[in-house]
Amino acid sequence: MGRSLLFSTNILLEFSQNPRSLSLLNHSKLCFTQRFIENSRCGYKKTKLLNLKLAGNVCTKAALSEIPNERKYPKVGAPSTGPISANHLIQVVETAAKTGAEVVMDAVNKPRNITYKGLTDLVTDTDKMSEAAILEVVKRNFGDHLILGEEGGIIGDTLSDYLWCIDPLDGTTNFAHGYPSFAVSVGVLFRGNPVAAAVVEFVGGPMAWNTRTFTATAGGGAFCNGQTIHASQTDRVEQSLLVTGFGYEHDDPWATNIELFKEFTDVSRGVRRLGAAAVDMCHVALGIAEAYWEYRLKPWDMAAGVLIVEEAGGTVSRMDGGKFCVFDRSVLVSNGVLHAKVRLHFLFRLTKLNIVLSLLSPFFERSHETMYLFMREPFLPSTRKDEKEIARASSSTWKEKIAPHHMMDVELLERIAPATEKLKSKGIDFSLWYKPENYRTDL
């Protein structure tokens, strides 16, 4: 739980850390009132309102609230693996993925026979051979299961509770060029929710190809080559390495993500576009990237990766912040800390800014816990027009010192969700897709 002071004013300051102590405040008048702030971005908060009378002509109202460090999101993993044990299921899933990877490894240094599914969406003989090898393993072990393959479509009994989502070569363009960011991805759903996953990533490059295997079961943790992995604990976007992807259609979602790419490039350590969704999500799970998002992915792109991220301690949602399922048309995965981080907001209505700083400076580290001033009204809506605008001491101070910090201290969904909602308002379809007809789910 974090603790923050909220002051009703027209100047908004944000501090990067919680106050170390509140005992240093010595006010002549304290008046407590209970209230609840509902439906805020951060969830439900119990708040105490304080009337503080300070020395001289400085008066303010404050709210001391206890808030969680992060918003909780629904789990994407299934609560049960059904009648098949997790150990048996993951053994077959891993075997299937590695069998497909053997086909890819055999072809990786050979000439490619390339055809096109679209203007720039290419497919190779290796995609098809890898999928055939994977299907053989699945059918030999679970002949009655339903299968959704990128190349072969829907195969099997639609009344089955199990659905295998297979991408025999995720990152085909990279494979065709010998660029080391592609993988074989196999994920299994039980009644619509992921239960087991394996991704075999190709690393190294020409003359040095190798693989590493990511696996996960619902509730069983995530692993890379048999070793437990965990997402990073980086809690600031400006200290994060982010990843995204772009589809083949240059439509409105593509253009929107170009803008998101630009925005996050300005406020993070960098945004990468590697071209293989399963690999990107495994990198978040491994802790070498903090977040990944993309529009218009298919179930076979996401079924394995989202479970691996979640079991590594990360968070998964749609790009509008809603509950995710593998038939959705957008995904945002993160280390969990950055997804929709709760921040501490301080508002003041004071005669002089230096009085504010001198009053609160005992509670905060002075070195790296910098105070930021920016435009926002997160908790205490104002009824007075003058309290809805930030009082700027001077335009140069605002532009040169204050605004850049506001841009830096940002959560992922604060930028991504509004952009996605705007696409919805334009009529862009975000309904579920590629869900096999008659396939039963618990969604």
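If you go through segment 298-317 one residue at a time, how many are in a loop (DSSP other than H, G, I, E, B), charged (D, E, K, R) and out of contact with any Cys (no Cβ under 9 Å at 6 or more places or on another chain)? Outline the logic, then answer.
Going residue by residue through segment 298-317, those that are in a loop (DSSP other than H, G, I, E, B) are 298, 312-314.
Still in the list and also charged (D, E, K, R): 298.
Within this subset, residues satisfying the condition of being out of contact with any Cys (no Cβ under 9 Å at 6 or more places or on another chain) are none.
Number of matching residues: 0.
Let's see how each residue does on (1) open to solvent by 70 Å² or more (accessible area, probe 1.4 Å); (2) out of contact with any strand residue (DSSP E or B) (no Cβ under 9 Å at 6 or more places or on another chain); (3) modelled with pLDDT under 75; (4) not polar (S, T, N, Q):
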{"position": "L25", "(1), (2), (3), (4)": "no, no, yes, yes"}
{"position": "C31", "(1), (2), (3), (4)": "no, no, yes, yes"}
{"position": "G56", "(1), (2), (3), (4)": "yes, yes, yes, yes"}
{"position": "T60", "(1), (2), (3), (4)": "no, no, yes, no"}
{"position": "K72", "(1), (2), (3), (4)": "yes, no, no, yes"}
{"position": "V103", "(1), (2), (3), (4)": "no, no, no, yes"}
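Could you check D266 against (1) buried (at least 22 other Cβ atoms within 10 Å of the Cβ); (2) closer than 30 Å to P418 by Cβ and say which number it fails?
For D266, the exception is condition (1).
Evaluate segment 251-273: report whether one residue or more is touching a helix residue (DSSP H, G or I) at 6+ places or on another chain (Cβ under 6 Å), farther than 19 Å from D328 by Cα and not in a helix (DSSP H, G or I).
Yes: one or more hits.
Could you list, in sequence order, the residues of segment 109-124 that are modelled with pLDDT of 75 or more and open to solvent by 90 Å² or more (accessible area, probe 1.4 Å)?
Residues satisfying the conditions are N109, K110, P111.
Looking at (1) closer than 25 Å to V188 by Cα; (2) part of a helix (DSSP H, G or I), which is the one condition that is false for E238?
Of the numbered conditions (1) closer than 25 Å to V188 by Cα; (2) part of a helix (DSSP H, G or I), the odd one out for E238 is (1).
Out of all the residues in segment 139-170, which are more than 20 Å from R440 (Cα to Cα) and touching a residue at least 40 places away in the same chain (Cβ under 8 Å)?
The answer is N141, E150, D167, P168, L169, D170.
State whether the residues of segment 206-219 include one that is surrounded by fewer than 18 Cβ atoms within 10 Å (Cβ to Cβ) and under 20 Å from K75 (Cα atoms).
Yes, there is a match, as at least one residue in segment 206-219 is surrounded by fewer than 18 Cβ atoms within 10 Å (Cβ to Cβ) and under 20 Å from K75 (Cα atoms).
Quick grid of which residues meet (1) outside any helix (DSSP H, G or I); (2) under 28 Å from the mean Cα position of the chain (by Cα); (3) loosely packed, with under 15 Cβ neighbours inside 10 Å:
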| position | (1), (2), (3) |
| --- | --- |
| T126 | no, no, no |
| E131 | no, no, no |
| L159 | yes, no, yes |
| W164 | yes, yes, no |
| T173 | no, yes, no |
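Report the residue count in segment 269-298 for those that are open to solvent by 30 Å² or more (accessible area, probe 1.4 Å) and under 14 Å from S232 (Cβ atoms).
First, pick out the residues of segment 269-298 that are open to solvent by 30 Å² or more (accessible area, probe 1.4 Å): 269, 272-275, 286, 288, 296, 298.
Narrowing further to those that are under 14 Å from S232 (Cβ atoms): 269, 286, 288.
Total satisfying the criteria: 3.
Condition first: farther than 26 Å from P436 by Cα and surrounded by 24 or more Cβ atoms within 10 Å (Cβ to Cβ). Can you find one or more residues in segment 139-157 that meet it?
No, segment 139-157 has no match at all.
Within 23 Å of S80 (Cα to Cα) and open to solvent by less than 70 Å² (accessible area, probe 1.4 Å): is that true of I258 in this structure?
Taking the combined requirement at face value, the residue does not satisfy it.
Yes or no: Y248 hydroxyl-bearing (S, T, Y) and either open to solvent by 50 Å² or more (accessible area, probe 1.4 Å) or assigned to a helix (DSSP H, G or I) (or both)?
yes
The values are calculated or read from the model by the stated rules, or taken from the named source; none is laboratory data. Computed from a prediction, not measured in an experiment: that's the story for all the values here. For neighbour counting, all protein chains shown are included, and Cβ atoms are generated from backbone atoms with ideal geometry for every residue, glycine included. These area figures cover heavy atoms from the full protein model, side chains too; ligands, DNA and RNA do not enter into them. Shrake-Rupley method; radii C 1.70, N 1.55, O 1.52, S 1.80 Å.
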